[in-house]
1. Collect residues whose amide H, placed 1.01 Å from N in the peptide plane, falls under 5 Å from the amide H of M82; neighbours closer than 5 in sequence don't count.
2. Give me, ordered by chain and number, the residues 5 or more places off S37 or on other chains with an amide H under 5 Å from its own placed amide H.
3. Multiply the residue separation of R85 and A73 by 0.36 nm, subtract the distance between their alpha-carbon atoms, and state the gained length in nm to one decimal.
4. Starting with the highest mean, order 11-18, 51-58, 72-79 by the number of other Cβ atoms within 10 Å, averaged over the residues of each peptide.
5. In the range 7-128, what is the volume of the convex hull around the alpha carbon atoms, normalised per residue and reported in Å³?
6. Please give, to one decimal in nm, the separation of the simple spin-label points placed at S37 and F105, each 7 Å out from Cα toward the Cβ.
Amino acid sequence: MRTKRSVVVVVDDDPRLLESLEDLLESAGYSARCFSSAQALLDDGLSDVDVLISDIGLPNINGFELRNRVRSARPDLPVFLMTGRHEIADQSRAQGISGFFRKPFDGQLLLAAIKEALHTVGRRKDREN
């Protein structure tokens, strides 16, 4: 019997980072979906997403705004934010996320954080049932 792979979505306007994270996530057994803008993700929908990773410095809809929109639609969805601009790393604005990563970051730490977030959501769902 084949188990369903968790869907991890990455939103970033850097195509090299998207490709790199897609490779990392797929090699770790996740189903990776990548978007170059927040609007593209929102247009596609959030229904099958298990984890969201978004850059903060996106054009039009930034990572914080995307987090807010996602939180109203899917409050339990784990959201990780990342940025290459350390001065944006305002911890008060980063509340309501599962984790925060400053680029460049260690891919193994990201995978560990994703695994933990999925485990936490799974425990929460088990308690509800």
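No value in this document is a laboratory result; all are computed from the given coordinates. Computed from a prediction, not measured in an experiment: that's the story for all the values here. Ideal geometry is used to build each Cβ from the backbone, glycine not excepted, and the neighbour counts take in all protein chains shown.
1. Under 5 Å from the amide H of M82: S54, D55, I56, F101.
2. D12
3. Working it through step by step, the gained length comes to 1.5 nm.
4. Most protected by this proxy first, the peptides run 51-58, 11-18, 72-79.
5. Details: hull volume 12.5 nm³, N = 122.
Considering the Cα atoms of the range 7-128, their hull volume per residue is 102 Å³.
6. 2.4
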